[in-house]
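K.L.:
One structure, pasted below without further comment.
Just so you know, all these numbers are worked out from the coordinates, no wet-lab data involved. The shown structure was predicted, so the numbers you read here are calculated from the model rather than taken from an experiment. Note that each Cβ is placed from the backbone with ideal geometry, even for glycine, and that neighbours are counted across all protein chains shown.
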Amino acid sequence: MNPKFNTKLNFEHLLIILEKIILQNSIAEKKDFYHLLEEISIKYNHSREELLMRGFRKAYRQIVDGV
């Protein structure tokens with residue numbers, strides 16, 4: 001069973017988390033925006049909306065698209 005983290009995430013945290021997850025997974029489906037959003041939402045006990053407000057989309061684009 002995975003423990004849920006109850007940490008307030010900021011943009012820099014999201015960058016580190018996303019980069020780690022994406023580099024560990026070679027399966028394209030695991031790199032999907034909504035899949036990662038849901039996975040991190042559950043693991044870190046934050047709503048999807050809260051993660052989006054904290055910069056999840058920007059962090060995702062920076063890691064995946066190099067933007």
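K.L.:
What number comes out for the charge environment of Gln62, summing +1 per Lys or Arg and -1 per Asp or Glu over other residues with Cβ under 12 Å away?
P.N.:
The answer is 0.
K.L.:
Next up: What ³J(HN,Hα) values, in whole Hz, does the Karplus curve 6.51 cos²θ - 1.76 cosθ + 1.60 give for region 37-43 when θ = phi - 60°, with x put for Gly and Pro?
P.N.:
Rounded to whole hertz, the list is 4, 5, 4, 6, 4, 6, 5.
K.L.:
Compute the length gained on full extension between Lys20 and Ser47: take 0.36 nm times their separation in residues and subtract their Cα-Cα distance, giving the result in nm to one decimal. Could you put the intermediate results ahead of the total?
P.N.:
Numbers: separation 27, 0.36 × 27 = 9.72 nm, distance 2.04 nm.
Full extension of this stretch gives 7.7 nm more.
K.L.:
Ordered by residue, what ³J(HN,Hα) values in Hz, to whole numbers, does region 10-24 give under the Karplus form 6.51 cos²θ - 1.76 cosθ + 1.60, where θ = phi - 60° and Gly and Pro are x?
P.N.:
Using θ = phi - 60°, the values come out as 10, 4, 5, 4, 4, 4, 5, 4, 4, 4, 4, 5, 5, 5, 7 Hz.
K.L.:
Please turn the phi angles of region 45-54 into ³J(HN,Hα) values with the Karplus equation 6.51 cos²θ - 1.76 cosθ + 1.60 (θ = phi - 60°), one per residue in order, whole Hz, x for glycine and proline.
P.N.:
With the stated coefficients, region 45-54 comes to 6, 10, 6, 4, 4, 5, 5, 5, 5, 8 Hz.
K.L.:
Would you order Lys8, Lys31 from fewest to most other beta-carbon atoms within 10 Å of each residue's own beta-carbon?
P.N.:
Least to most surrounded, the residues fall as Lys8, Lys31.
K.L.:
Please state, to two decimals, what the Cα-based radius of gyration of region 27-67 comes to when divided by 2.2 N^0.38 Å (N = residues).
P.N.:
1.11
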